1. So residue C:356 ticks every box in (1) in contact with a helix residue (DSSP H, G or I) (Cβ under 7 Å, 6 or more places away or on another chain); (2) on the phi > 0 side of the Ramachandran plot but one. Which box is left unticked?
2. Take the residues in the range B:39-74 that are over 20 Å from residue B:164 (Cβ atoms) and in contact with a helix residue (DSSP H, G or I) (Cβ under 9 Å, 6 or more places away or on another chain); name whichever of them is farthest from the other protein chains (Cβ to nearest Cβ).
3. If a residue has to be part of a strand (DSSP E or B) and touching a helix residue (DSSP H, G or I) at 6+ places or on another chain (Cβ under 8 Å) to count, how many in the range A:80-123 make the cut?
4. List, please: which pairs have Cβ atoms under 8 Å, are six or more places apart or on different chains, and start with a residue in the range A:246-274 that is at the interface with chain C (Cβ under 7 Å from one of its Cβ atoms) and over 21 Å from residue C:146 (Cα atoms) and end with one that is assigned to a helix (DSSP H, G or I) and modelled with pLDDT under 90?
5. Test residue A:218 against the stated conditions and say whether it is touching a residue at least 60 places away in the same chain (Cβ under 8 Å) and either in a loop (DSSP other than H, G, I, E, B) or at the interface with another protein chain (Cβ under 10 Å from one of its Cβ atoms) (or both).
6. Can you name every residue in the range A:15-33 that is modelled with pLDDT of 90 or more and surrounded by fewer than 24 Cβ atoms within 10 Å (Cβ to Cβ)?
7. Among helices (runs of 4 or more DSSP H) lying entirely in the range C:270-357, which contain 2 or more residues that are within 25 Å of residue C:140 (Cα to Cα) and more than 8 Å from chain A (Cβ to nearest Cβ)?
8. Kindly state which helices (runs of 4 or more DSSP H) lie completely within the range B:66-174 and contain at least 3 residues that are under 15 Å from the mean Cα position of the chain (by Cα) and crowded, with 17+ Cβ neighbours inside 10 Å.
């Protein structure tokens, strides 16, 4: 029973991070019909930027802030420079471009920051709370991780629901032509969408790194889990991405806790394939069946 | 952007456009005068929709000019043309169905307020189209065809346009609703307070279009075959039989 | 993130040479640019391809006998990249599917080979060709499973699913570590050349056949056989069906093609190639370990295929050659820029990434597409029937 509780709590914290990555993928997919396979690599890169600052003596918070800002810039640059030319083209070309970014960023990070595992500090205590004399696998840092993701999500909801900018971004995502006819600068909105997605991705990168070892490929599995979560949520819906992320976090935590951590990625693959074959529109989508 | 006292005419001069090797427009001249409805008529494939899409910047012209007053809008991006005061109401699915009715209108009003000369605000649209007011919080995909047409027209109006480009507003609508929409259009143009709107109305339903239009332009295979007053076109039996189908 | 699969067994030296031998060694899979020559060739497609393969064999023999052991090992490395790239080309270029899982499928072939050959050279119960066929068959079976799921996916979904496969499969090797060797992987004995083979080579060239050269022969003969079979498949009914599916699914379906079955078959064929490539890799590298089959391996293959030109076997060979022969050059460049050895080893994957992006932005038809365009420009003619196979 105690193990079940611990596994569940761990899963929730990890699920929050997967939600963030899934959300980043969904933001980009909605507006440009591209799955950004480089999302994890970009997040890894900005996490390393944060780590360099922290190792140079800056505080964790400065590192986090700089990671988010560099994510913003990186996302915008990537969209403008390399993604824009393949937008609306054959889908294979866009896939290949994001894969090229994936391997390119990963190698660049290894060149600049080294390819060995290094530890990334956590801002809060990594020792679990004690409840009724029992130590549980829920730490102050887990609370921070979940809270950070929740705050970012609420901020995004507020942006999309209540601001004119958010309205224009949503309009651009749903119908580029009509938006242009209404004077919306669709190109700028797409760039902004990629930039925001990269910010959310960067946050996920820094959060999952906290208290762990990072290496240039530490996000490989995370981006796959995020993709699975996004597909589980229907790939279109930000809400679905969040629920999908938490679901994947819990399921994978159970697999890791009861079957073995080596099988986590395999379990993710099984879930992904099962979802794609049985319910391609995602578990939480109201949309009609669509082609996957 | 300063607001001129009278709105400018939209002038299209020698406009040509093609889709790959297929020429869709071939040297078309059309003028939409303020305070008038100019109907663009012709059979399917005559180039009517392409004309509107080229004016609003969705299609790049291969030759010719699009002028709004003395401002050259030829080859400007669609968003710039929209900001200059040309509101294009596209055929059929111009509603963003994933947004609510209110959000669709807010999107139009954003452009209107950035132009600082909004003549119609969202509440006016609700007053004009009561069914929209009832469904303001609903997603636009729940609307009927007529309601969608009201929404796209209302959304175009809140942008505060000088020129309204309407593509087949009668398509798929019941005759009663078409009459209602056309009547409203006539009222808008005649209403001095609306600042002398120019309307370019593309219609396959030539008879109804001519009944509210001041001027008509007949297109065939991408060329203008006739330009005259609506009454004269309606009276020209040969032309009507050859190109207008009534 | 070291690419174990990439490291030649010999000590690295003398690496600044151009990749010309590789191109010379690449057999022409598509005979018949010159009509005068073509008229004298056999009528049957298979016979023409077989003739080309024989010609290729002669070239391989000359190149391997005339180059040093270090080059031999590079050719051995190139052969398994090329086998896998030809398989991936079959899938991506001809059928329109993408797979990031081919690195994982190579792992299946490599581990099967490792289990059958074992770490002891004299303990191997089965001859190498049989082992390779078994590795191919096992991978093909895995390909059926993956392909059945993949057949219903397209574009980014398929890419995501196969990416998940690439990330997931190494976990199995660690989970079953008693059997598959965990992180350390399986050590594999390099098979020795059979006497008749060494004798034959000695008879023709008066050269001995050390293990490295033998493995290069094994790799290249496998590659030639794969090319022969794939070129035939592509020219035949099956290939035309695949291309029809790629070009227009609706039209293909209306023409009575069963899309799902076609896709599964394409995936299985492609997986079988990857399995063979994995088998060659296993004996060349003498190790099957999770670190050798990272996502970077799959992406390298994709780079080879994209760089050469999607859908073209010549492109796949060209891409693999560039991958193998340019990597040391690029790595040296990194070292000369003051990077340490581990960082310099990452310059190559960085270049792969840049190349993937640039090719897609500047020349989506790849090197073969560019060459073809130049060829037609200089000759002033337009693409004729011999070039209808565009990417």
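The values are calculated or read from the model by the stated rules, or taken from the named source; none is laboratory data. Predicted, not measured: the structure shown is a model, and the values here were computed from it. When we count neighbours, we look across all protein chains shown, and the Cβ atoms used for this are built from the backbone with ideal geometry, even at glycine.
1. (2)
2. B:43
3. Result for the range A:80-123: 1.
4. Partner pairs satisfying both residue conditions: A:260/C:175.
5. On the way: touching a residue at least 60 places away in the same chain (Cβ under 8 Å): yes; either in a loop (DSSP other than H, G, I, E, B) or at the interface with another protein chain (Cβ under 10 Å from one of its Cβ atoms) (or both): yes.
Yes.
6. A:29 - this is the single residue of the range A:15-33 that is modelled with pLDDT of 90 or more and surrounded by fewer than 24 Cβ atoms within 10 Å (Cβ to Cβ).
7. Fully inside the range C:270-357 and qualifying: C:295-308, C:313-336.
8. Where helices (runs of 4 or more DSSP H) fall fully within the range B:66-174 and carry at least 3 residues being under 15 Å from the mean Cα position of the chain (by Cα) and crowded, with 17+ Cβ neighbours inside 10 Å, they are B:78-83, B:145-158.
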